[in-house]
1. Return yes or no: is Glu95 buried (at least 22 other Cβ atoms within 10 Å of the Cβ) and not hydrophobic (A, V, I, L, M, F, W, C)?
2. Just wondering, is there one or more residues in segment 184-196 that are more than 14 Å from the chain's Cα centre (by Cα) and at positive phi?
3. Can you tell me how many residues in segment 101-115 are without any contact (Cβ under 8 Å) to a residue 40 or more places away in the chain and small (Gly, Ala, Ser)?
4. Looking only at segment 354-380, count every residue that is in a helix (DSSP H, G or I) and among the hydroxyl-bearing types (Ser, Thr, Tyr) and tell me the total.
5. Filter segment 354-388 down to the residues that are closer than 18 Å to Phe303 by Cβ and among the small types (Gly, Ala, Ser), then identify the one that is farthest from the chain's Cα centre (by Cα).
6. Go through segment 163-229 and tell me which strands (runs of 3 or more DSSP E), entirely inside it, have 1 or more residues that are among the basic types (Lys, Arg).
7. Residues in segment 342-358: is at least one surrounded by fewer than 19 Cβ atoms within 10 Å (Cβ to Cβ) and modelled with pLDDT of 95 or more?
8. Would you pick out the residues in segment 59-78 that are of a type outside the set (A, V, I, L, M) and more than 12 Å from Ile102 (Cα to Cα)?
Amino acid sequence: MRWRYLGALALMPSCATNPPRAQGDAGAGIGTVAEGGGPDGPASADGGASGAEASTDAALRTCDAKQYGAKGDGVTKDTAAIQAAIDDCATTGGEVLLEGGIFLSGMVVLRSHITLDVDASATLLGSQDIADYPDFSPPVTNTQLADCQKALVYAESADDVHIQGSGTIDGNATGVATWNGDVVPEGTRPMVIFTVASSNVTIRDVTVKNGAVWAVVNMQVQHLVIDGITVDNDLGPTHDGIDVVDGDDVLVENCTVASGDDSICLKSGAAGGLSNVTVQNCQTTQSGVANGVKLGTASVGPFQNIDVENVSIANAQSAAMAVESVDGSAISNVTFRHITTTNVGTPIFVLLGSRDLVPSQVGSIDGVTFDDVQSSSMRYNWGSIVTGSVVGSQTFGISNLTFSNLQLAYDGAGASPDPAPYTADTFPEYQGQVPGQPAGTLYNQYPDAKFFTGTGGNANTSYHGPGYAFFVRHASAVSFTSCITPLTGTDPRPAVSSEDVTGLTGSCAP
């Protein structure tokens, strides 16, 4: 079902193959829109169109934003004109064109059966006035909504929505100090693109840059394609690249992402979770303080049937690949295949635990495969951490882990790396109180590889895990096949260290 839909979508006629665009009346402006008309004629009598009718009209009708009063001079705010073009075009369905200029704008709201086409000659430039980004309240319940309150391009409860073109959508955050890094809360800053509670959404070919927070975000979307986009959002912590938050039937492919935080992040903040996702043929060139491809940290609903293939990951401070269930999520049937990494903190991080530290809120991780992973130039000597947790008095373990065809090159930590030997104090569980630490001190307040031995929410990049390539704890049915872990220096630790693991087969060796 999923691939049949995606294949059909890929073959649908796009606005790029439309007949020549109608030029309309060059004098038409916002005044005619208020009466239901526009440069291509009046609105339909019933004020809308069926899906089939909209698809037919979409191949015929283009609404050029300049014909609705947009200047494209980079100085005049074109928000009202672009919105007028969208609203008029939505009466029949069609393409809203930005062409030949820099279109300065606050938030614009896409409608059903609309394609926003940003031509190679155009930039949609976000206003730096926060008043131009009103808060929205989409009809969903999701823990991530607190961080998703404003956007430059927004679609809510819409069907058949497309953003495309060879042009640029620029959030324009670089010139606003509080929009860089994590100076102010995420929800007070505008995303570049946000679609929510929608279906049949595509984002294709555009360049997205300089978001004030997460750049491209899709929440609870059914049938989503993100194809061939370039994201440049390297503006410090809290500046993710592509975020997919819950939903079903998702394809992310042929994308290049540079971010200040997680580059491609799959999240769940709702009970429905995220299912049937393929990420393929992508590259993450910078992941700032975080991870290349990540499941979590938000992990409320289940993650099911997730495939990440043919992805190169570079320059990530934490893990190249991270899988985290810390909010009760049941994670199953996840595969990473044909992955290359360079200059990352560690190749793999897998964690099952509970941020709320309540045993009844611990989920599960069952069935994760890492196949054909090639890693070089590790930043640190952590090794890959794969661990369940003791929460309260209960142990929650990970099951059915497969590591095959791995070649992970390490420099070695030297003749006497710490900890030696491993102790629970130096490598604590994901729980509340750290043994030997002052009361109230929480280890690893944020679940991430670089925080694993930190306390009080502070990162620690200098620690050494019990195994130079892997530390596996609280797990069952773990297999290593064709695992090569060459050392260029000295390291007395074993390649793989394990504790409380049953059914461990195979090994890794230099």
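The values are calculated or read from the model by the stated rules, or taken from the named source; none is laboratory data. Nothing here was measured: the structure is a model prediction, and the numbers come from that model. Here the Cβ positions follow ideal geometry from the backbone for every residue, glycine too, while neighbour counts run over all protein chains shown.
1. yes
2. Looking through segment 184-196, none of the residues is more than 14 Å from the chain's Cα centre (by Cα) and at positive phi.
3. Residues of segment 101-115 that are without any contact (Cβ under 8 Å) to a residue 40 or more places away in the chain, as a first pass: 101-104.
Okay, now just the ones that are also small (Gly, Ala, Ser), so 101.
Of the residues in segment 101-115, 1 are without any contact (Cβ under 8 Å) to a residue 40 or more places away in the chain and small (Gly, Ala, Ser).
4. Here the count works out to 1.
5. Ranking the qualifying residues of segment 354-388, first place goes to Gly388.
6. Details: elements: 168-170, 191-196, 199-204, 207-209, 216-227.
By residue number, 199-204, 207-209.
7. Checked segment 342-358: at least one residue is surrounded by fewer than 19 Cβ atoms within 10 Å (Cβ to Cβ) and modelled with pLDDT of 95 or more.
8. Arg61, Thr62, Cys63, Asp64, Gln67, Tyr68, Gly69
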